[in-house]
Structure formats: C-alpha cells, structure tokens
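Right, one structure below, let's go through it.
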Amino acid sequence: MSGESGQTFVAPPPEEVEPGSGVRIVVEYCEPCGFEATYLELASAVKEQYPGIEIESRLGGTGAFEIEINGQLVFSKLENGGFPYEKDLIEAIRRASNGEPLEKITNSRPPCVIL
C-alpha cells in the first residue's frame, strides 16, 4: 500500500440557488388605512413561493400600497384603486428572477369586500 487512506473526496453538489434570490421587493403601504394585514398576507404568499427573496416594507402615505421590484414600480394602488392579485405579483417576480423585463401590474382586486 502506498500509505493513502483510500478515502475519496467527493465535492458536494453546487448549492441550488433559492428561487427569488437576487430579487428585491419593496412594499410601501398606508398603516393607518389598515393595509398592514394585506402586506403580511402578500409577503407570506411570496415567501412561500420564493424563499430566497428579499422583501422590505415601508410606511407610505394615505391610501398607498405601492410595490417595487428591483427598484422598478410594478404596482400602484394609488393608480389602480385596488390591491394586486397574488398570481400577478408571483409572475412579475418570476420574470425578474429570470432577468426578463418587468411590466406594470394593471389588474387589481377591490380594496374591501362588503358582506
């Protein structure tokens, strides 16, 4: 024997990049308007789909619920009058994570439901 231990070093597989890593979202919302719950719900859905994503919240002006992805405004409640659909935001994040151009989200759900 040549004195070697006979062990073979196998390099671990390259770590898979977490979906959404490298994508940064900023959500600016009106806290007195009661929009924090909507932000938390949306942030939870996004984190579930894209665990590596960075989400930051900021307090905004009256009626605001504005979403930026990598510094680009992609949704504005002040312009649309409602909140974004989760599926539309998830699609915008998918595009951003693939390096595709972002488009403004124009679909919105009503800000409140009267039962």
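The values are calculated or read from the model by the stated rules, or taken from the named source; none is laboratory data. Only a predicted model underlies this, so the values are computations on that prediction, with no experimental measurement involved. Cβ coordinates were reconstructed from backbone atoms using ideal geometry, including for glycine residues, and neighbour counts include every protein chain displayed. These area figures cover heavy atoms from the full protein model, side chains too; ligands, DNA and RNA do not enter into them. Shrake-Rupley method; radii C 1.70, N 1.55, O 1.52, S 1.80 Å.
Values computed for the structure shown
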| quantity | calculated |
| --- | --- |
| Residue count, segment 52-74 (criterion: within 17 Å of Arg95 (Cα to Cα) and open to solvent by less than 70 Å² (accessible area, probe 1.4 Å)) | 9 |
| Where a residue in segment 65-83 is on the phi > 0 side of the Ramachandran plot and at pLDDT 95 or above and its partner, wherever it lies, is small (Gly, Ala, Ser) and open to solvent by 10 Å² or more (accessible area, probe 1.4 Å), with Cβ under 8 Å and at least six apart | Asn70/Ala96 |
| Condition met for Gly81 (out of contact with any strand residue (DSSP E or B) (no Cβ under 9 Å at 6 or more places or on another chain) and open to solvent by 30 Å² or more (accessible area, probe 1.4 Å)) | yes |
| Check on Gly6, of a type outside the set (D, E, K, R), at pLDDT 95 or above, loosely packed, with under 13 Cβ neighbours inside 10 Å and out of contact with any Leu (no Cβ under 7 Å at 6 or more places or on another chain) | no |
| Leading residue by the ranking (surrounded by the fewest Cβ atoms within 10 Å (Cβ to Cβ)) among those in segment 23-51 that are touching a residue at least 12 places away in the same chain (Cβ under 8 Å) and of a type in the set (Gly, Ala, Ser) | Ala45 |
